[in-house]
1. Condition (residue is modelled with pLDDT under 95, surrounded by fewer than 17 Cβ atoms within 10 Å (Cβ to Cβ), more than 22 Å from the chain's Cα centre (by Cα) and not in a loop (DSSP other than H, G, I, E, B)) applied to region 231-243: is it met by at least one residue?
2. Condition first: basic (K, R) and in a strand (DSSP E or B). Now tell me which residues in region 218-230 satisfy that.
3. If a residue counts only when it is under 27 Å from Q186 (Cβ atoms) and under 18 Å from the mean Cα position of the chain (by Cα), which strands (runs of 3 or more DSSP E) contained entirely in region 84-153 have at least 2 such residues?
4. I'd like to know if region 182-189 contains one or more residues that are assigned to a loop (DSSP other than H, G, I, E, B), closer than 28 Å to V49 by Cα and either open to solvent by 20 Å² or more (accessible area, probe 1.4 Å) or of a type in the set (D, E) (or both).
5. So, in region 196-217, how many residues would count as being open to solvent by less than 40 Å² (accessible area, probe 1.4 Å) and touching a Pro at 6+ places or on another chain (Cβ under 9 Å)?
6. Report, by residue number, each residue of region 17-67 that is in a loop (DSSP other than H, G, I, E, B), of a type in the set (D, E, K, R) and open to solvent by 80 Å² or more (accessible area, probe 1.4 Å).
7. Restricting to region 139-148, name every residue that is surrounded by 13 or more Cβ atoms within 10 Å (Cβ to Cβ) and at pLDDT 90 or above.
Amino acid sequence: MSEKVALSSISSNKAGCPHYKRRSKFVTPCCGKVYTCRFCHDENETHPVNRKDVTELVCTNCNTRQPVQAECTRCSLRFGKYTCLECKLFDDEDKNQYHCEGCGICRIGGRDRFFHCERCNMCLPNKLKNRHKCVENVSRANCPVCLEDIHTSRIPCHIPECGHLVHRTCFEDLLHSGYYACPTCQQSMLDMTQLWDYLDHEVEMTPMPNDYKTCMVGILCKDCHKESKVKFHVVGLKCLHCGSYNTCRTKEPTSAGEEIPSVDNNGASVSHLEPAVPIVEVAMDEQQPDASAD
């Protein structure tokens, strides 16, 4: 059959799987079975497949087994409107896919809307060019919430000010649960000015008992990373440098006239000390890079 087959002439039940609309199936190199995509394989097998190791595919129209290529050698059917032979990716849905040489994979969202940061080693929105904190190879890690891979994930990521990545869905779940701090470094992920103003008012309206009015504590701010010596208050402990309440105690409370002993190298890690700020829900200011196409 030399005449090309129109994509619309193929029945919809052969047009892919729940993950992708495509006109071919892969012969997986790991177990020799036939699946429409790597997700279908991984959901049904006990081992993952590396899509770049795939060398053969099967046409869903004529069932011909053949090397990976853009069109069927027998019926000339094009396997996907978007085709990337380097990633072995075929997709009939228009998602503004493009292949990024720096990332080494296909992305969605449109090449003109993103740039590749060489230090972060990932694609980021153009609005973040020269305006983001670079973290070397930041996407070559797992999401700190769900522990799933970020670099090849099809789920977009949120980029807080600290530069660490969190899946967008996981970020939203954190906010809905009342957590605002980065799971990796504990820095605030949003503009907390409104909350800090509210806590200032709460401190002012909540006088401490006389026994605690002269009680001083040493704190470390998780936002500016500076130490302060402040009056103890049950509502929260405010950083003297940046005004943040995202702080933790580093030294035991003392009276105002006593010296606070230094914490040696055997002291407790601040990440394990009691947070000094109540956990509340804050509105989201969203930033995100594009997701993987496959």
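The values are calculated or read from the model by the stated rules, or taken from the named source; none is laboratory data. Here the structure is a predicted model, which means the values were calculated and not measured. Ideal geometry is used to build each Cβ from the backbone, glycine not excepted, and the neighbour counts take in all protein chains shown. For accessibility, only protein heavy atoms count, side chains too; no ligands or nucleic acids. Shrake-Rupley method; radii C 1.70, N 1.55, O 1.52, S 1.80 Å.
1. Yes, some residue in region 231-243 is modelled with pLDDT under 95, surrounded by fewer than 17 Cβ atoms within 10 Å (Cβ to Cβ), more than 22 Å from the chain's Cα centre (by Cα) and not in a loop (DSSP other than H, G, I, E, B).
2. Of the residues in region 218-230, the ones basic (K, R) are 222, 226, 229.
Of everything in region 218-230, just one residue is basic (K, R) and in a strand (DSSP E or B), namely K229.
3. Values: elements: 89-91, 98-100, 105-107, 114-117, 122-125.
Per the criteria, 122-125.
4. Taking region 182-189 first, the residues assigned to a loop (DSSP other than H, G, I, E, B) are 182-187, 189.
Those left that are additionally closer than 28 Å to V49 by Cα: none.
Within region 182-189, none of the residues are assigned to a loop (DSSP other than H, G, I, E, B), closer than 28 Å to V49 by Cα and either open to solvent by 20 Å² or more (accessible area, probe 1.4 Å) or of a type in the set (D, E) (or both).
5. 4
6. First pass over region 17-67, keeping only residues in a loop (DSSP other than H, G, I, E, B): 17-23, 28-33, 36-37, 45-50, 54-55, 60-64.
Next, from what is left, pick out any that are of a type in the set (D, E, K, R): 21-23, 33, 45.
Within region 17-67, K21, K33 qualify.
7. Hits for region 139-148 are N142, C143, P144, V145, C146.
Table: residues versus (1) of a type in the set (A, V, I, L, M); (2) farther than 17 Å from C37 by Cα.
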position: L77; (1), (2): yes, yes
position: G80; (1), (2): no, no
position: G109; (1), (2): no, yes
position: P144; (1), (2): no, yes
position: E148; (1), (2): no, yes
position: H151; (1), (2): no, yes
